[in-house]
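Structure record follows, encoded as structure tokens.
The values are calculated or read from the model by the stated rules, or taken from the named source; none is laboratory data. These numbers come from a predicted model, not from an experiment. Please note: Cβ atoms are built from the backbone with ideal geometry, for glycine as well, and neighbour counts cover all protein chains shown. Each accessible area value is taken on the protein alone, full model and side chains, heavy atoms only, with ligands, DNA and RNA left out. Shrake-Rupley method; radii C 1.70, N 1.55, O 1.52, S 1.80 Å.
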Amino acid sequence: MAIFLDETTKVVYQGLTGSTGRYYGNLNREYGTNIVGGTHPKKAGTDVDGMPIFASVADAKAETGCNASCIFVPPPAVKGAVMEAAEAGMELVVVITEGVPAHDEAWFYNKLVADYPDTRLLGPNCPGIISPGKANIGITAGHIAKAGGPVGVVSRSGTLTYQAVYELKEKDIGVTTSVGIGGDPVPGTNFIDCLAAFEADPETKAIMMIGEIGGSAEEEAAEYIKANVTKPVVSYVAGVTAPPGKKMGHAGAIVSGGKGTAAAKMDALRDAGVQVGLNPTEAGDLMAEIVKNL
Amino acid sequence: MDLFEYQGKEFFAQYGMPVSPGKIAFSVDEAVAAAEELGAPVMVKAQVHTGGRGKAGGVKFAADIDAVREHASNILGLDIKGHIVQRVWIEKASDIAEEYYASFTLDRSAKKHLGMLSKEGGVEIETVAEENPDAIAKIWVDPVVGLREDDVRGWIAAANLPDAAVEGSVDILQKLYTAYVDGDADMVEINPLILTPEGVVHVLDAKVTLDGNSVFRHPDYEQYDATQTRDEREAAAHAKGLQYVGLDGSVGVIANGAGLAMSTLDVVNQVGGKPANFLDIGGGANADVMAGALEVINNDPNVKAIFINIFGGITRGEEVAEGIIEAMKRVTIDSPIVIRLDGTNAQQGRDMLAPHLGDALMMEPTMLSAAEKAVSLVAG
């Protein structure tokens, strides 16, 4: 099993006609993702490398029965694209686009919670989600992850996710699903959503959670783990040495007013019984020990 | 993007909020001319992107023109927490009966907008939050619903503002929320929001941070790019479109991806070194980007060794290697480089780099060993 995404998920790409969307759409298709096509209001009836273009997500759903969308459109168009996907009844909406205004994110996050509770939003500014061997939505290089579990991975950072799943693969450890929740201030899906799903997934036996500075998502996850997660969790938090008040690349990665430090996050996680590695390699080693003893 | 107080006041004024007339001055003479035009008494206020100006002597009352001259000459050039004052705001002085605090920002945990209002203004809100948390009235606003007048009245009542301040505050707080949302601000803060002896509520200070991601909606925000506080290295990197944060160590760091770049700093620290910077070159690592990054690092006189940490995902190892080799042809690098290259087609990339290895370019198999190598090179 996997969480949120598997080989039966039918995905439409909003922004498939753009160069980035086309590039990753092709890579995702080659990986085996069940892609039904893309959307463009003026290019319906055409195709991108054999993938049909529909006028809208609603049209794509009517024609193909798709239930998920991946968004590659530029930042000004993201709010409209997310709402279009939700209105069309998509169960999973993955927003790869970076640079979406925080007020847009806060707005569509709350709009979805209120009016489209069955739509799961992932991102914006995330690498996507991969259930190795089954499907891959987004910009993760599929071959760096070994299929089959037993580890579920959730991370705020793209490259650190890649680093983590690759290190696991090098140790011959598989991944059920790897979810990149993204580095923005209002992620559609958070650590707790993923922890709950991994806890419920019988194939996932252990969880790797990669955090970074800023906000309090790791602290909230720690509390959740303490109360609800029975499976072993290994964590790494990036940004121990980040100076306060500076955004470290990600819009959400900032220590402000003494809040959101890596040290506080690691303390909270340790307190919840999580094994914390001081760097990605150490976290990988800790996970290898756990998997060996499963 | 952080605005200076005077820019914040211009921003607030666009949304109809009451601010005092004033003028910006870059020299003592300009300050005097501004005060003469406005008419004494005036305030002379340092314009810097940091708090605690008052305590540092950066905000002074001037009863007459001589006092303006004296204060402006003291304040211009003043060092406030590492920020050198280059401009002062000359503003018509206001009589103050009471000082309040008001702000809006995003509560990432609640995923709603958070408004904070307090009767205890004029001091740092963090201090109030610590010493008298009950003095801060909070309101969470659903962005879809917006801020309704009834909510504002309840919020003001919860903050115990006096009757005389209620109507003026209702007006200003609604406009502050509109400015925050329509203006795509990360944060808007008025401290202090004052009540004058005449019973008028007035905006006496403005702290505004705008969302850089919203410039496509607000082309006029590009003007603020020029007034951001950046050190020379940050300015050079910014001009090349690189995600760079200057630090004070000696190991220059280049990595792909914000998370990996942060992690690289951590590892350099763990092995006893000090990073000179955070630099994320993003997903691609082509020769242009790599050359630009190396140039920025090379111009930092504190850098004694460079650690390039690349994990190829979609970007393939041979492309990364090609980028590094090409970049090194274009830029003459003063410090030795240690590379760690992993991920997609890493072996091919390593094979390509092999003939170029020597004292100037070294390769290590892991992040940790590469950090150790770079740090040992700094120690000499």
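Annotation: residue B:352 fulfils all but one of (1) aliphatic (A, V, I, L, M); (2) under 21 Å from residue B:259 (Cα atoms); (3) away from chain A (no Cβ under 14 Å); (4) open to solvent by 30 Å² or more (accessible area, probe 1.4 Å); the unmet one is (2).
Does the range A:133-142 contain any residue that is part of a helix (DSSP H, G or I) and within 18 Å of the chain's Cα centre (by Cα)? So far as the range A:133-142 goes, yes, one or more of its residues are part of a helix (DSSP H, G or I) and within 18 Å of the chain's Cα centre (by Cα). Of B:349, B:292, B:323, all but one fail to be in contact with an Asp or Glu (Cβ under 7 Å, 6 or more places away or on another chain), part of a helix (DSSP H, G or I) and in contact (Cβ under 8 Å) with a residue 24 or more places away in the chain; the exception is B:349.
For residue B:304, the stated conditions do not hold, so it cannot be described as modelled with pLDDT of 90 or more, within 14 Å of chain A (Cβ to nearest Cβ), farther than 19 Å from residue A:142 by Cα and open to solvent by 30 Å² or more (accessible area, probe 1.4 Å).
Test residue A:86 against the criterion of being over 16 Å from residue A:128 (Cα atoms), open to solvent by 60 Å² or more (accessible area, probe 1.4 Å) and in a helix (DSSP H, G or I), and give yes or no.
No.
Applying the set (1) farther than 30 Å from residue B:343 by Cβ; (2) modelled with pLDDT under 95 to residue A:125 leaves exactly one unmet item: (1). Among residues belonging to the range A:249-259 that are in contact with a helix residue (DSSP H, G or I) (Cβ under 9 Å, 6 or more places away or on another chain) and under 22 Å from residue B:129 (Cα atoms), point out the one that is farthest from the other protein chains (Cβ to nearest Cβ). Looking at the filtered set, the residue picked out is A:255. Filtering the range B:72-101 to residues that are in contact with a helix residue (DSSP H, G or I) (Cβ under 6 Å, 6 or more places away or on another chain), in contact (Cβ under 8 Å) with a residue 60 or more places away in the chain and more than 23 Å from residue B:230 (Cβ to Cβ) leaves B:90, B:92, B:101. Return yes when residue A:40 is more than 18 Å from residue A:179 (Cβ to Cβ), more than 14 Å from chain B (Cβ to nearest Cβ) and of a type outside the set (Lys, Arg) and no when it is not. In short, yes. Listed by position, the helices (runs of 4 or more DSSP H) enclosed by the range B:1-78 that each have at least 1 residues that are closer than 30 Å to residue B:178 by Cβ and touching a Lys or Arg at 6+ places or on another chain (Cβ under 8 Å) are B:5-14, B:28-38. Does residue B:166 satisfy the criteria of being modelled with pLDDT of 95 or more and in contact with a His (Cβ under 7 Å, 6 or more places away or on another chain)? No; evaluated as a whole, the condition is false for this residue.
Based on this model, can you work out whether residue B:268 counts as open to solvent by less than 10 Å² (accessible area, probe 1.4 Å), hydrophobic (A, V, I, L, M, F, W, C) and facing another protein chain (nearest Cβ under 9 Å)? Yes: the conditions hold for residue B:268.
So that you can scan it fast, the table gives a plain yes or no per residue for (1) buried (at least 23 other Cβ atoms within 10 Å of the Cβ); (2) modelled with pLDDT of 95 or more; (3) of a type in the set (Val, Ile, Thr):
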site	(1), (2), (3)
A:11	yes, yes, yes
A:17	no, yes, yes
A:30	no, yes, no
A:33	yes, yes, yes
A:43	no, yes, no
A:72	yes, yes, no
A:78	yes, yes, yes
A:82	yes, yes, yes
A:91	no, yes, no
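When B:118, B:109 are checked against the criterion of being more than 30 Å from residue B:32 (Cα to Cα) and more than 14 Å from chain A (Cβ to nearest Cβ), a single residue qualifies: B:118. Quick one: which of A:274, A:234 is more than 19 Å from residue B:267 (Cα to Cα) and either within 13 Å of chain B (Cβ to nearest Cβ) or of a type in the set (A, V, I, L, M) (or both)? Sole residue among the options that is more than 19 Å from residue B:267 (Cα to Cα) and either within 13 Å of chain B (Cβ to nearest Cβ) or of a type in the set (A, V, I, L, M) (or both): A:274. Going through (1) among the β-branched types (Val, Ile, Thr); (2) within 13 Å of another protein chain (Cβ to nearest Cβ); (3) open to solvent by less than 10 Å² (accessible area, probe 1.4 Å); (4) in contact with a helix residue (DSSP H, G or I) (Cβ under 8 Å, 6 or more places away or on another chain) one by one, residue A:192 falls short only on (3). If you filter the range A:61-70 down to residues that are out of contact with any Leu (no Cβ under 8 Å at 6 or more places or on another chain) and surrounded by 21 or more Cβ atoms within 10 Å (Cβ to Cβ), you find that the one that is nearest to the other protein chains (Cβ to nearest Cβ) is A:70. Residue B:325 meets each of the listed conditions (1) within 14 Å of chain A (Cβ to nearest Cβ); (2) surrounded by fewer than 18 Cβ atoms within 10 Å (Cβ to Cβ); (3) among the β-branched types (Val, Ile, Thr) apart from (1). Only residues that are open to solvent by less than 10 Å² (accessible area, probe 1.4 Å) and more than 13 Å from every other protein chain (Cβ to nearest Cβ) were counted across the range B:225-264, and they come to 1. Does residue B:287 meet the test of being open to solvent by 10 Å² or more (accessible area, probe 1.4 Å) and in contact with an Asp or Glu (Cβ under 8 Å, 6 or more places away or on another chain)? Yes, satisfied. Among the residues of the range B:176-188, the one identified as closer than 20 Å to residue B:124 by Cα and surrounded by fewer than 22 Cβ atoms within 10 Å (Cβ to Cβ) is B:187.
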